[in-house]
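A.B. asks: This is the structure I want to talk about, given as structure tokens.
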Amino acid sequence: MPVVSRQTENQTATQTQQTAAFDNRFAPPADQKPSSSANDADEADNQPDPSGLTAEERLHQLIGLQSVKDRIDQFIANVIMDTEREKRGISVDVPLTRHMIFFGNPGTGKTTVARLVAEILHEHGALKANKVVEVLGGDLVDVHVGGTVPKVNALVDKALGGILFIDEAYMLNESKATGSYVQEAVDTLMQRA
């Protein structure tokens with residue numbers, strides 16, 4: 001067994017703490033597990049960010065994406081305005097559709113931006129929960145007759161008060177060729193919207 005001096009142990013512990021602090025700025029909270037399927041759907045927690053920055057500040061610190069940031073700012077301003085109108089009893093003639101589509105190559109920040117949008121909307125009181133339920137497009141479709149609608153409904157119910165993020169939604173389009181129940185999933189999503 002190797003012998004480690006006390007000084008080396010302290011240095012190693014300090015380096016480990018510094019690395020963990022750096023990694024935690026970019027990682028989800030410890031109790032938030034990355035998800036690749038609906039069974040392990042991801043939900044953001046109400047934990048404060050270790051950097052001490054607001055979600056809006058973290059959004060604007062992302063490199064590039066200026067047009068995305070501008071659209072998100074506009075979207076959030078509209079949502080906040082509608083929320084304030086509702087609180088004051090002022091009717092909204094044409095309510096804002098709060099659905100968004102993020103598209104782009106893998107690794108371009110779609111999931112990160114969706115998580116930040118959820119946090120921002122929650123901070124401004126437009127979402128009841130700081131929650132993002134992440135699923136893959138294929139997770140919405142069941143292979144058995146009558147299985148798709150309950151599956152979609154369960155995921156939508158889980159996301160109520162937060163955001164349902166359908167990652168790789170293009171899989172729904174590709175699945176049409178396999179004869180699965182994709183249209184049933186899409187119809188159920190539209191009914192619940």
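A.B. asks: Please report the accessible area of Ser67 (heavy atoms, 1.4 Å probe, ligands and nucleic acids excluded) in Å², nearest 10.
C.D. replies: 80
A.B. asks: With the crude spin-label approximation of a point 7 Å out along Cα→Cβ, what separation in nm comes out for Arg192 versus Arg71?
C.D. replies: Inter-label distance under the simple model: 2.4 nm.
A.B. asks: Rounded to the nearest 10 Å², what accessible area does Val132 show when all protein chains are kept and the probe is 1.4 Å?
C.D. replies: Roll a 1.4 Å probe over it and Val132 shows about 0 Å².
A.B. asks: Here's another thing I want to ask about it. Of the listed pairs Lys128/Lys158; Lys128/Lys151; Lys69/Lys158; Lys87/Lys110, which have alpha-carbon separations greater than 20 Å here?
C.D. replies: Too far apart for the 20 Å limit: Lys128/Lys151; Lys69/Lys158; Lys87/Lys110.
A.B. asks: If every alpha-carbon in the range 54-106 counts as one equal scatterer, what log10 I(q)/I(0) does Debye give at q = 0.18, 0.27, 0.29 1/Å?
C.D. replies: Those come out to -0.72, -1.12, -1.19, one per q.
A.B. asks: Now for a separate question. Ordering Val113, Val143 from largest to smallest accessible area (1.4 angstrom probe), what's the sequence?
C.D. replies: Ranked list, largest accessible area first: Val143, Val113.
A.B. asks: Roughly how many Å² of Lys110 are accessible to a 1.4 Å probe, to the nearest 10?
C.D. replies: Spelled out: Lys110, probe radius 1.4 Å, area about 40 Å².
A.B. asks: In what order, largest first, do Phe75, Phe102 sit by accessible area if the probe radius is 1.4 Å?
C.D. replies: Sorted by accessible area, descending: Phe102, Phe75.
The values are calculated or read from the model by the stated rules, or taken from the named source; none is laboratory data. Values in this document were obtained by computation on a predicted structure and should not be read as measured data. Glycine gets a Cβ as well: all are built from the backbone with ideal geometry, and neighbour counts include every protein chain shown. Please note that ligands, DNA and RNA were not included when accessible areas were found on the heavy atoms of the full protein model with its side chains. Shrake-Rupley method; radii C 1.70, N 1.55, O 1.52, S 1.80 Å.
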